[in-house]
Each structure stands twice: as C-alpha cells, then as structure tokens.
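The structure under discussion appears below in the form of structure tokens.
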Amino acid sequence: MILYNYPALLTTWWLMLGANTVRWWREQELIWDSSDTGLRAPANVRMFATNHTLEVADVSAADSGNYICQVVRPEPWGPLNQIHAIEVQFAPTVTPLPDSGEIEVKLNDEAAFGCLATGMPQPIITWTFQGKKLQLLTNRENISFTVTSKAMEGEYQCIANNGVGEPAVASVFLRIIYPPEVTTEKLWIHTAPGSRIDLSCTVHANPDATVEWYRQDAVIDERPRIMKHRNNDKYSLIIRNVRKEDFGYFTCKAKNSVGTGQQTMHLSGIANPAVLKKTPHQTDEGSFTLVWQVDSYSAIYEYSLLFRIHSGEGKSPNEWTKLVIPADTYSPGPLHSQSYTLTGLKASTIYEATVLSRNPFGWSRPSQILKFTTAGSDVNEDEKKSQEQMEEEKEEIEEGDAIDGETNIQNIISGNLADIVN
C-alpha cells in the first residue's frame with residue numbers, strides 16, 4: 001500500500017535477460033516503451049534509464065491498479081511479464097442518497113435512504129439518529145424501515161471511517177408527512193348569554209393544514225361579534241356577547257394534502273357537572289352529610305340528589321332513590337355551593353351518590369359517583385378498603401356514566417329523572 005501523495009518505485013530485472021525492449025502498462029494502458037521515444041508518459045510518471053525502474057510520484061487514487069513490466073526478448077523467446085500493484089490509501093468521502101439530503105415519507109410508509117462512501121481501505125459505515133448510534137445488524141450504506149411514529153423525524157448521519165484521516169459524514173433529514181391531528185382541551189364548554197367565549201383547537205400537520213370553523217355543518221364567517229385567531233398551532237374562535245342561539249356544536253376542521261382531521265365542541269348554557277364531596281369525621285350511624293359545588297354562570301334552580309346502597313362487585317346495581325333539593329337562590333355564582341344531610345340510612349353500610357343541577361337551560365350531566373360509608377362497628381374492612389381505593393383513583397365519568405346506561409343518561413340531561421328511579 002502507498003499513502004496518498006507519496007512516490008512509488010517499481011523495478012525490473014530486464015538487464016539479466018538480455019532483452020531488447022521494456023514496456024510498462026497500467027492496467028490496459030501503455031504508459032512507457034523503451035523503444036518508442038515519442039510515447040509520453042503521464043506527468044507524474046518517469047523512468048530511470050539505468051535499470052528501467054518506473055517511479056510514480058504524488059500518487060492519488062487514480063494511480064491505484066496493476067502495473068505490468070513487459071520484457072520483450074528476441075525470437076524465438078516470447079515476452080516476459082512481471083506484475084506490480086499500487087494500492088493508494090486515502091481518507092474516506094461520503095455523499096448522501098438522495099443527493100438533496102432530504103426525504104419525505106408518509107406516516108406508516110417505508111423510508112429508504114443511504115449514502116455512497118469511497119476510500120482506501122474500504123470505509124466502515126455507521127449510522128446515527130439525532131446524535132445516537134443506531135444498532136444495525138450490519139454496517140451498510142443503505143437503510144430502510146417503516147415510519148411508525150412522528151418521533152422518527154430528524155437527521156440521520158452516515159459516518160464513513162477507514163482509519164486514514166478523519167471520518168467523513170453525510171446527513172439525510174427524514175421529514176414525516178401526515179394528516180392533521182386535531183385536539184382540544186374541552187369537548188363541552190359552559191357559558192351564558194352576554195359572556196365572551198374562546199373556542200380553541202390545536203392542529204399538528206405536515207404539510208401545514210388549512211383550518212376552518214363550522215357551526216352545525218356551515219362554515220363560520222368572521223363578523224364584528226365573531227372573530228378567528230391563530231397563535232402557532234392553536235386556532236381560536238372568539239364569540240363576544242354570546243347569545244342563546246349560539247349554543248350548539250362547533251367543529252374545528254383541518255385539511256392538508258395527506259388528509260383531514262376534526263374535533264367537535266359543544267357550547268352550552270347548562271351547568272358544569274357538580275363536584276360532590278363528603279364532610280369528614282361523621283359519627284352518626286343513620287345519617288350522612290354531602291356537600292357539592294357547581295360552576296354555572298346562570299342561576300341554579302334546583303338539584304337532584306340520587307343515592308343507593310353500593311351492591312358490590314359483580315352484583316346487579318340497586319335502584320336509585322331521588323331527592324329534589326331547592327337551590328340557594330341568593331348564590332351570586334358562578335360557583336354555587338350546597339349541602340344536604342341524608343337521614344334514615346343503615347349503619348355500617350357503603351352508599352354511593354351522584355348529583356345533578358338545573359339552571360334556565362336544563363339539567364346538567366351527573367357528577368362523578370361518590371362512595372361513602374355510614375358509621376358503625378360492623379363495617380366490612382375489605383369493602384371499606386375497596387371503597388377507599390376506588391376513591392383514590394378518581395376516574396372521571398364521561399358523558400354521564402355515573403348512571404346506568406346511555407338511555408338513563410339522556411333521561412337525566414333532559415330532566416326526565418323519574419325513568420331512572422322507577
């Protein structure tokens with residue numbers, strides 16, 4: 001092996017054979033002939049006349065190959081050949097594939113890219129992603145994989161190293177394109193006539209999406225009372241001086257060349273679900289006091305408190321008992337508080353309760369079910385422990401799952417509470 005820019009000396013033993021002519025070949029190209037003074041050797045090649053040694057100066061990658069010294073003898077002898085090899089070591093170079101160094105792939109499609117490395121010795125290829133080495137089974141120039149996550153987007157580097165000079169690096173940036181993903185903090189939004197409300201959605205998409213707001217199925221146009229606003233990925237629909245006719249369903253719909261996405265929000269004057277709590281340190285075996293708070297911009301007319309004995313896991317639920325409780329008409333809102341003491345309860349028994357509230361726009365969704373245990377010496381410890389664990393989980397009740405079944409939920413929201421009691 002010869003290092004880059006160093007000279008190489010190739011010698012022959014033609015004088016010992018009494019030859020008439022010596023020729024030098026580089027692969028298939030004749031570069032010097034002792035009998036042809038008109039043949040011009042390459043600029044970095046010269047011949048020593050005394051022994052016909054060939055010198056290759058300032059070697060480069062182009063000088064690598066087999067050099068053949070051919071000794072031409074008089075008849076009846078034929079020519080003799082001696083082969084020399086020059087292998088020039090040089091630092092690696094690498095170029096990305098594709099040449100642009102960028103590739104776009106749809107989410108869940110296959111990404112395939114690579115690099116082209118040269119160098120002597122042949123470089124060893126490693127790949128990194130975002131600065132971390134990829135654990136591949138083999139050191140290869142081309143890689144392919146299925147894009148299963150947007151987290152796979154970023155810079156992939158092909159590093160070529162052969163121990164000569166510094167490693168060479170080429171980068172390919174993988175850009176993942178995907179349809180719009182639309183999210184919102186709240187699917188149900190409480191307000192009241194005369195208020196100002198901000199409906200918002202967050203849109204992530206590549207390429208960028210066009211976003212429109214719809215009410216029912218009609219595009220919403222801006223006007224003095226209704227404005228649209230964008231802040232980076234957040235899109236807002238601002239309604240000033242809300243009117244009763246504004247209540248209903250609003251949809252944030254986004255579209256790009258890959259697909260569409262949307263999220264629908266319900267704007268309503270109905271109160272938010274109550275937050276139901278129990279007061280601590282209750283010692284009366286036959287009664288229990290519950291307290292709750294309701295967020296409502298409008299006045300609360302009344303509450304419906306439902307309670308029943310907890311039936312236990314795997315058993316059919318007991319029937320609800322319903323109490324209608326007048327609201328405190330002096331509560332200024334928007335936070336309304338109420339308490340109520342249930343009497344005639346069984347001692348040492350686990351109960352569950354939920355509460356709904358009614359304002360001028362109808363009945364709210366039910367609160368999260370609250371479990372409580374009446375005082376007494378015969379409380380089952382396993383049941384009590386189970387109750388406490390369930391309370392700690394604090395799972396939110398979506399769309400009224402606190403009551404048995406979707407039909408019952410709709411009955412509650414419409415105010416027809418009798419159907420779930422009987």
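Key figures
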read-out: Phi to ³J(HN,Hα) by Karplus 6.51 cos²θ - 1.76 cosθ + 1.60 over the stretch 293-306, Hz, x for Gly, Pro; value: 10, 10, 9, 8, 6, 9, 5, 8, 8, 7, 10, 10, 9, 10
read-out: Neighbourhood net charge (12 Å Cβ-Cβ; Lys/Arg +1, Asp/Glu -1) for residue 269; value: +1
read-out: Extension gain from residue 230 to residue 277, taking 0.36 nm per residue of separation minus the Cα-Cα distance; value: 13.0 nm
read-out: Per residue solvent-accessible surface (Å²) - the stretch 220-259, probe of 1.4 Å; value: 61 Å²
read-out: Residues residue 249 and residue 319, FRET efficiency given R0 of 25 Å [Cβ-Cβ distance, rounded to 0.05]; value: 0.15
read-out: Over 29 Å (Cα to Cα) - which of 132/253; 186/277; 277/346 fall in this group; value: 132/253
read-out: Å² per residue, accessible surface of the stretch 39-164 at 1.4 Å; value: 57 Å²
read-out: Computed FRET value (nearest 0.05) for residue 188 with residue 95, which takes r as the C-beta separation and R₀ as 56 Å; value: 0.50
read-out: Karplus-derived 3J(HN,Hα), 6.51/-1.76/1.60, for each residue of the stretch 25-39, Hz, glycine and proline x; value: 10, 10, 6, 9, 9, 7, 10, 7, 9, 5, 9, 10, 6, x, 6
read-out: Per-peptide average of other Cβ atoms within 10 Å, ordering 299-312, 219-232 highest first; value: 299-312, 219-232
read-out: J(HN,Hα) series, the stretch 85-94, from Karplus relation 6.51 cos²θ - 1.76 cosθ + 1.60, nearest Hz, glycine and proline x; value: 10, 10, 10, 8, 7, 8, 4, x, 10, 8
read-out: Accessible-area composition of the stretch 71-154, carbon plus sulfur, in percent [1.4 Å probe]; value: 54 percent
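The values are calculated or read from the model by the stated rules, or taken from the named source; none is laboratory data. Quick caveat, the model's predicted, so the values are computed rather than measured. Here the Cβ is made from the backbone with ideal geometry for all residues, glycine too, and neighbour counts use every protein chain on show. Just the protein is used for accessible areas: all its heavy atoms, side chains included, with ligands, DNA and RNA removed. Shrake-Rupley method; radii C 1.70, N 1.55, O 1.52, S 1.80 Å.
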